[in-house]
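K.L.:
Have a look at this one.
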Amino acid sequence: MPEAVSSTSSSALREAVRQLWPELQWVKEPGLLRQVEATWVRAFELSPLQPQDLTRIPFTLLIPNCPTTFMEHKRCVVHIARRSAEAMTEFMGNALKIDLDTVVAGAILADVGKLLEYEKRDDRTVQSERGEFLRHPFTGVALAMECGVPDAVCHIIATHAAEGDLVQRTTEATIVHHADFMAYLPFKSAKNLKV
Ligand SMILES: [Fe+2]
């Protein structure tokens, strides 16, 4: 991992991460909660972005003039994933064992690597050189492993996007993958947009 670029202290970043992610309180296992928070803090330490940037920048660079912010998209994915896991447990819990903490932690961390994909240039947010070499599923896993995140959650980060189509996803990873695409694919058609 490269040296840190952020000058903000770790405790200030931890507080900022908690502000960005009210959904962290859904992670019940204290050790996992600490690891998820630490991963986001580490990502900000290495990123040119500040926590407040995530409430402003578009969630993807693949859609021109994307009208939805990073945090709006990411929080929506966590909510979809959690409710989906709950519904599947309610109706199919006899057949499928779903770990809700793993789903929530994986959904919160799925795009953490994007903090290393962006670069600020002339007041614009563009793809970084690292992002061209390493998409966020790869950098996300590197950040999470550095912070002790369990393999089952790293698996979700690794497989949440198209790269994961080559992997047999766990049930938890399948849920997060589909939640992510539910909140992404409609944006690919201009017909679906309100503006
Ligand atoms: Fe992603």
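The values are calculated or read from the model by the stated rules, or taken from the named source; none is laboratory data. As the structure is a computational prediction, the values presented were derived from the model and not from experiment. Cβ atoms come from the backbone with ideal geometry, glycine included; neighbour counts cover every protein chain shown.
K.L.:
Across region 100-133, what is the total count of residues that are over 20 Å from residue 82 (Cα atoms) and either at pLDDT below 85 or more than 13 Å from the ligand (Cβ to nearest atom) (or both)? It would help to see each step written out before you state the result.
P.N.:
At the first step, the residues of region 100-133 found to be over 20 Å from residue 82 (Cα atoms) are 113-133.
Still in the running and either at pLDDT below 85 or more than 13 Å from the ligand (Cβ to nearest atom) (or both): 118-130, 132-133.
Count: 15.
K.L.:
If a residue counts only when it is farther than 20 Å from residue 41 by Cα, which helices (runs of 4 or more DSSP H) contained entirely in region 119-195 have at least 2 such residues? Lay out the reasoning, then the answer.
P.N.:
Numbers: elements: 129-133, 136-146, 151-159, 171-182.
In region 119-195, the matching helices (runs of 4 or more DSSP H) lie at 129-133, 151-159, 171-182.
K.L.:
A further question on this structure: Look at region 148-163 and say how many of its residues are near the ligand (Cβ under 10 Å from one of its atoms) and of a type in the set (Gly, Ala, Ser).
P.N.:
Going through region 148-163, the residues near the ligand (Cβ under 10 Å from one of its atoms) turn out to be 157, 160-163.
Now narrow it down to the ones that are of a type in the set (Gly, Ala, Ser): 161-162.
Number satisfying all stated conditions: 2.
K.L.:
Between 119, 45, 129, which is surrounded by 17 or more Cβ atoms within 10 Å (Cβ to Cβ), over 15 Å from the mean Cα position of the chain (by Cα) and among the charged types (D, E, K, R)? Write out each step before concluding.
P.N.:
Values: 119 fails: surrounded by 17 or more Cβ atoms within 10 Å (Cβ to Cβ); 129 fails: surrounded by 17 or more Cβ atoms within 10 Å (Cβ to Cβ).
One residue alone meets the criteria, 45.
K.L.:
Cβ-Cβ under 8 Å, sequence separation 6+ or interchain: first residue in region 35-58 and free of Cβ contacts under 8 Å to residues at least 24 places away in the same chain, partner of a type in the set (Lys, Arg). Which pairs?
P.N.:
Here the result reads 37/14; 37/18, each pair linking region 35-58 to a residue that is of a type in the set (Lys, Arg).
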